[in-house]
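What follows is a structure written as structure tokens; I'll ask about it next.
The values are calculated or read from the model by the stated rules, or taken from the named source; none is laboratory data. It should be emphasised that the depicted structure is a prediction, and the values quoted were computed from it without experimental measurement. Glycine gets a Cβ as well: all are built from the backbone with ideal geometry, and neighbour counts include every protein chain shown. Heavy atoms of the whole protein, side chains included, go into the accessibility calculation; ligands, DNA and RNA do not. Shrake-Rupley method; radii C 1.70, N 1.55, O 1.52, S 1.80 Å.
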Amino acid sequence: MNQIYEMDTRLGNAQVLFNTIHHDVRSVTVDGKDVTSTLGAYEINDLQLALKSDRFYKRDIGNALVVRTGTGLFVFPLRGRNCASRRFEMAVQIAMHFYNTRTGLDPDWVTSTAKRYADEAERYTDVILEAGDFEWKLKLPEITFKTRNSHELIMLEGK
């Protein structure tokens with residue numbers, strides 16, 4: 001899936017189109033001009049490594065469902081309306097996150113917890129994610145969540 005990130009380069013603040021499946025940079029634009037060919041291979045490699053390791057970028061998520069839990073902060077980007085099917089998809093992705101990161105969990109507990117988290121999620125607009133070197137921030141209109149552990153900020157795929 002292609003995502004657009006804002007990063008600092010030697011040419012200024014750039015928008016980087018990054019493929020999250022293949023972990024490669026597709027294009028780099030500064031002020032609306034494509035500068036991918038201007039950057040050296042080592043600079044593109046540095047951008048790829050930074051995005052792959054989840055550091056040094058800014059991403060405008062837009063609308064999102066956000067829920068703060070004991071296991072972390074779940075962010076589910078919304079594309080389109082906020083309806084019951086979106087919350088169901090969020091619950092499925094939370095359950096898959098639990099299954100992929102923890103072993104030996106009771107399936108009934110995972111299902112009920114994921115459903116409860118999805119029901120408790122609040123919708124926010126103008127959500128911005130900033131990843132630094134040792135600190136990650138999720139900026140909402142009223143509040144900013146900061147964490148020093150990237151695994152506490154769980155970005156779901158969205159729908």
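PRO141 is checked against (1) of a type outside the set (S, T, N, Q); (2) in contact with a helix residue (DSSP H, G or I) (Cβ under 9 Å, 6 or more places away or on another chain); (3) open to solvent by 60 Å² or more (accessible area, probe 1.4 Å) and fails just one. What number does that condition carry?
All conditions are met except number (2).
Is it fair to say GLU135 is open to solvent by 60 Å² or more (accessible area, probe 1.4 Å), closer than 30 Å to ASP8 by Cβ and in contact (Cβ under 8 Å) with a residue 60 or more places away in the chain? Before the answer, list the steps.
On the way: open to solvent by 60 Å² or more (accessible area, probe 1.4 Å): yes; closer than 30 Å to ASP8 by Cβ: yes; in contact (Cβ under 8 Å) with a residue 60 or more places away in the chain: no.
No; evaluated as a whole, the condition is false for this residue.
Taking the stretch 8-50 only, how many residues are assigned to a strand (DSSP E or B) and within 21 Å of GLU157 (Cα to Cα)?
Residues in the stretch 8-50 being assigned to a strand (DSSP E or B) and within 21 Å of GLU157 (Cα to Cα): 8 in total.
While we're looking at this one, here's another question. Of a type in the set (A, V, I, L, M, F, W, C), modelled with pLDDT of 90 or more and open to solvent by 90 Å² or more (accessible area, probe 1.4 Å) - does that describe any residue in the stretch 103-121?
Yes, that holds for at least one residue.
Give ARG86, ARG59 a once-over and let me know the one that is of a type in the set (D, E, K, R), part of a helix (DSSP H, G or I) and open to solvent by less than 50 Å² (accessible area, probe 1.4 Å).
Exactly one residue qualifies, and that residue is ARG86.
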